[in-house]
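Each remark here refers to the structure printed beneath this line.
The values are calculated or read from the model by the stated rules, or taken from the named source; none is laboratory data. Note that the structure is a prediction, hence the values are computed from the model and not measured. All Cβ positions, glycine included, derive from the backbone under ideal geometry; neighbour counts span all protein chains shown. Each accessible area value is taken on the protein alone, full model and side chains, heavy atoms only, with ligands, DNA and RNA left out. Shrake-Rupley method; radii C 1.70, N 1.55, O 1.52, S 1.80 Å.
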Amino acid sequence: MSPGGIATAVLVSGSGSNLQAVIDAVDRGELPLDLRLVLSNRADAFGLERARRAGIVARTELWDRRGGESRSAYDARVLAAVRESGAEFVLLLGWMHVLPAAFVERFAGVVNIHPAFLPEDPGADVVAVPGGPEIPAFRGAHALRDAIEAGAAWAGATCHLVTAAVDRGPVLAREPMRLHPGEGEAHALERLHLIEHRVLIEGVARWCASRNSGFSTFSTH
Ligand code: GRF
């Protein structure tokens, strides 16, 4: 890992292919990150195994519903775990749990990878694909599935800053992806992952560069 880099925690819930892309980019010297912690809200997330293999502390914070734990108590526990790692930067890479504004405010930056081509304007609900049509901005937990079910011709990936408004933070990098007619979600997701990994590294590199230059306004133009 990159000691002396920006202290970073990564939150995952699943296979962690985006986490792996970040680990590999750090190893290649492309991202100045010091990966301190990988935290999952699922004990069986393969992302935890990827973290261990890379020598990163891997931790599981489960929501103890049976113990009657409230949502706010759980959120506080996640915040404490991330703060303990010393992270000032947080990457949400497939993390399936909406975090409160109070979490986001505690860090220099929180960045998410989202499986849809989102508009630059956070208030817009449609987005123009460059050289293509205008499509709905698919936000929420199942954006790729929603795009396929809506019969959209395009999907995509967006790396953006996380704000209190879910999936409406400033865009750091994005790329559209054409959907093949009749293509299923699993096949489309396999193709989309490759695009996500590229968009993620580009977006995170951009955030790191803007942090070093003191810039905080982003535009993909
Ligand atoms: C990605 O498709 C991401 O866009 C979505 O969850 C998926 C995580 O995949 N939010 P992985 O765990 O990084 O392989």
Margin query: Among the residues of the stretch 124-143, are any in contact (Cβ under 8 Å) with a residue 24 or more places away in the chain, touching a helix residue (DSSP H, G or I) at 6+ places or on another chain (Cβ under 6 Å) and either assigned by TED's automatic domain parsing to the domain that holds Ala7 or closer than 24 Å to His180 by Cα (or both)?
Written below: no
(request) Report yes if some residue within the stretch 93-101 is buried (at least 18 other Cβ atoms within 10 Å of the Cβ), away from the ligand (no atom under 15 Å from the Cβ) and either under 25 Å from Asn212 (Cβ atoms) or modelled with pLDDT of 95 or more (or both); otherwise report no. (result) no
Scanning the stretch 80-106 for residues that are at positive phi and in contact with a helix residue (DSSP H, G or I) (Cβ under 8 Å, 6 or more places away or on another chain) gives Gly94
Residue hits (the stretch 109-132; closer than 14 Å to Gly169 by Cα and open to solvent by 40 Å² or more (accessible area, probe 1.4 Å)) are Glu120, Asp121, Pro122, Gly123, Asp125
Note on the stretch 152-179: residues open to solvent by 50 Å² or more (accessible area, probe 1.4 Å) and modelled with pLDDT of 95 or more are Pro170, Arg174, Arg178
Reported set for the stretch 133-146 where residues are within 16 Å of the ligand (Cβ to nearest atom) and either more than 21 Å from Asn18 (Cα to Cα) or open to solvent by 20 Å² or more (accessible area, probe 1.4 Å) (or both) is Ala137, Phe138, Arg139, Gly140, Ala141, His142, Arg145, Asp146
Flagged pairs (Cβ under 7 angstrom, 6 or more apart or on separate chains; first in the stretch 173-198, within 16 Å of Trp154 (Cβ to Cβ); second open to solvent by 50 Å² or more (accessible area, probe 1.4 Å) and within 12 Å of the ligand (Cβ to nearest atom)) are Met177/Arg191; Glu185/Arg145
In the stretch 29-50, anything over 16 Å from Gly86 (Cβ atoms) and of a type in the set (A, V, I, L, M) is listed as Leu31, Ala43, Ala45, Leu48
